[in-house]
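See below for the structure under consideration.
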Amino acid sequence: MVIKQPFNYSPKNQNRTLHIYLPNDYDASAERYPVMYFFDGHNLFRDEWATYGTCWGLADFLRRWEKQVIVVAPECDRQGNGRLREYAPYDMEIPPFGFFCGQGRRVMEWMLGELKPHIDRTYPTMPFRETTAIAGSSMGGLMSRFAVLRYNPWI
């Protein structure tokens, strides 16, 4: 089951839509689940939500996968080059789009300081570092790598 709900994105004081995948047995289970955070939530689950009309098909995969997880995927700023700014972990030049003051640190501080605690309070998660993952593609992949390198205490 995929639910969509608004959540305050405090760096811009605006609501962002969260796409949350809940496991098949969620309603009937007392189990606690690991959580995967993905960037670009609108592109993961349904074609009609995806930027270019084709989603990743993640819900179909997760329904068949034997390991049950919760997926939390906020949408990014989809206006103009907002996604590039948000998913740039540092200031950078991205030809042909130009120079961007990267907001990636603010995005990660929001995810770690506000979003993850909210998810852990609201859903039956396993809130530990070892049971939390992050993923994305393209700029979302860059942000995932940045998150692991910057916020992983083992490195």
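Here are some notes:
- Positions within the range 59-87 being open to solvent by 20 Å² or more (accessible area, probe 1.4 Å) and among the aliphatic types (A, V, I, L, M), in sequence order: Leu84
- Under the condition of being free of Cβ contacts under 8 Å to residues at least 60 places away in the same chain and assigned to a loop (DSSP other than H, G, I, E, B), the residues counted in the range 99-122 number 2.
- For the criterion of being closer than 25 Å to Pro89 by Cβ and either among the β-branched types (Val, Ile, Thr) or surrounded by fewer than 19 Cβ atoms within 10 Å (Cβ to Cβ) (or both), Thr17 passes.
- Scanning the range 123-155 for residues that are of a type in the set (A, V, I, L, M), farther than 23 Å from Leu58 by Cα and in a helix (DSSP H, G or I) returns a single hit, Leu149.
- Selection status of Lys67, touching a residue at least 60 places away in the same chain (Cβ under 8 Å), among the basic types (Lys, Arg) and outside any helix (DSSP H, G or I): no
- For the range 107-131, the candidate set comprises residues that are β-branched (Val, Ile, Thr) and exposed (fewer than 15 other Cβ atoms within 10 Å of the Cβ); within that set, the residue that is nearest to Met36 (Cα to Cα) is Thr131.
- Residue count, the range 80-137 (criterion: in contact with an Asp or Glu (Cβ under 8 Å, 6 or more places away or on another chain) and of a type in the set (S, T, N, Q)): 2
The values are calculated or read from the model by the stated rules, or taken from the named source; none is laboratory data. Values in this document were obtained by computation on a predicted structure and should not be read as measured data. FYI the Cβ positions are ideal-geometry reconstructions off the backbone, even for glycines, and counts take in every protein chain you see. In case anyone asks, the SASA skips ligands and DNA or RNA and just uses the protein heavy atoms, side chains included. Shrake-Rupley method; radii C 1.70, N 1.55, O 1.52, S 1.80 Å.
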